[in-house]
Amino acid sequence: MDKAPGTPPLVIALDGPAASGKGTLARLISEHYGFAHLDTGTLYRGVAWLVLNEGGDPADPEIAAAAARDYAIDKIAGADIRTKEVGAAASVVAANTEVRAALLDFQRRFAMKPPKGARGAVLDGRDIGTVVCPDATVKFFVTASPEVRARRRWLELEASRPDLKESEIYQDLLERDARDAARDDAPMAAAPDAELLDTTHLSIDAAFAAARRVIDGVFRRCG
Ligand code: DC
């Protein structure tokens with residue numbers, strides 16, 4: 001869907017904890033409506049990977065802030081940022097206010113001027129509906145029980161990391177949720193006007209259909 005000149009882009013925000021299904025939903029939504037998609041977790045993962053790759057400590061505020069200021073997509077080309085270790089380090093650098101500030105503009109620019117003239121943007125993360133795009137057209141907060149999320153993540157990682165136990169992933173998710181929700185700056189939270197989508201007992205098709213019903217309803221109302 002291309003944007004008519006002068007029309008503000010439509011923005012769909014999806015927030016929620018790790019392995020809630022928000023990333024898959026964001027991809028399906030962006031494909032269905034022809035919108036650009038930004039998985040904002042990749043930015044924090046990229047910064048964390050840069051720190052770890054230099055042998056730095058993700059909890060060191062100056063090292064993490066410098067990595068965020070220098071961050072560029074080509075610096076992490078070919079890097080495996082989807083590992084459990086990078087995910088945990090991403091949650092640590094994400095608690096750093098300077099890191100968040102350095103990544104904010106890029107996310108807002110993406111939403112306000114989606115690449116390739118797309119008519120809208122879908123952003124998924126932890127603070128999209130609350131901080132990055134508080135005026136988003138549609139907001140979702142996607143959740144699922146920690147047990148179901150741990151099972152999903154374990155199934156995803158099983159082939160590449162047969163050594164990982166589901167119980168270990170479960171513990172990691174709980175720690176990450178707690179850190180992401182408790183930090184002072186832009187904690188993971190549902191915006192008051194977000195639609196709650198609990199995917200615990202939903203297939204991805206059912207979750208996608210539920211999300212589309214909400215989005216189509218809002219789009220009809222805004223013409
Ligand atoms: O969604 P993810 O697992 O790829 O995100 C990795 C970490 O990045 C997550 O634990 C917290 C952080 N993050 C954040 O603080 N704000 C966002 N908008 C996206 C991710």
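The values are calculated or read from the model by the stated rules, or taken from the named source; none is laboratory data. Nothing here was measured: the structure is a model prediction, and the numbers come from that model. Every residue, glycine as well, gets a Cβ built from its backbone with ideal geometry; the counts of neighbours run over all protein chains shown.
Brief remarks follow.
- Inter-residue pairs, beta-carbon under 9 Å, first closer than 14 Å to LEU104 by Cα and in the stretch 55-77, second basic (Lys, Arg), 6+ apart: ALA68/ARG100
- Candidates ALA101, ALA26, ALA36, ALA67, filtered to the one that is within 13 Å of the ligand (Cβ to nearest atom), at pLDDT 95 or above and buried (at least 16 other Cβ atoms within 10 Å of the Cβ): ALA26
- Residues that are of a type in the set (Val, Ile, Thr) and part of a helix (DSSP H, G or I) were ranked within the stretch 26-47; the one that is farthest from VAL92 (Cα to Cα) is ILE29.
- Subset tally (residues that are farther than 21 Å from ALA95 by Cα, part of a loop (DSSP other than H, G, I, E, B) and modelled with pLDDT of 95 or more) for the stretch 120-164: 5
- Members of the stretch 39-54 that are free of Cβ contacts under 8 Å to residues at least 60 places away in the same chain and either more than 11 Å from the ligand (Cβ to nearest atom) or buried (at least 21 other Cβ atoms within 10 Å of the Cβ) (or both): TYR44, ARG45, GLY46, VAL47, ALA48, TRP49, LEU50, VAL51, LEU52, ASN53, GLU54
- Condition check for ALA88: within 25 Å of ALA13 (Cα to Cα), under 15 Å from the mean Cα position of the chain (by Cα), in a helix (DSSP H, G or I) and of a type in the set (A, V, I, L, M): yes
- Every residue from the stretch 109-119 that is under 14 Å from the mean Cα position of the chain (by Cα) and either surrounded by fewer than 20 Cβ atoms within 10 Å (Cβ to Cβ) or modelled with pLDDT under 95 (or both): none
- Residue count for the stretch 192-211, restricted to those that are surrounded by 15 or more Cβ atoms within 10 Å (Cβ to Cβ), within 17 Å of SER30 (Cα to Cα) and not aliphatic (A, V, I, L, M): 1
- Test: residue in the stretch 180-187 that is assigned to a helix (DSSP H, G or I), buried (at least 19 other Cβ atoms within 10 Å of the Cβ), under 16 Å from the mean Cα position of the chain (by Cα) and within 16 Å of the ligand (Cβ to nearest atom): yes
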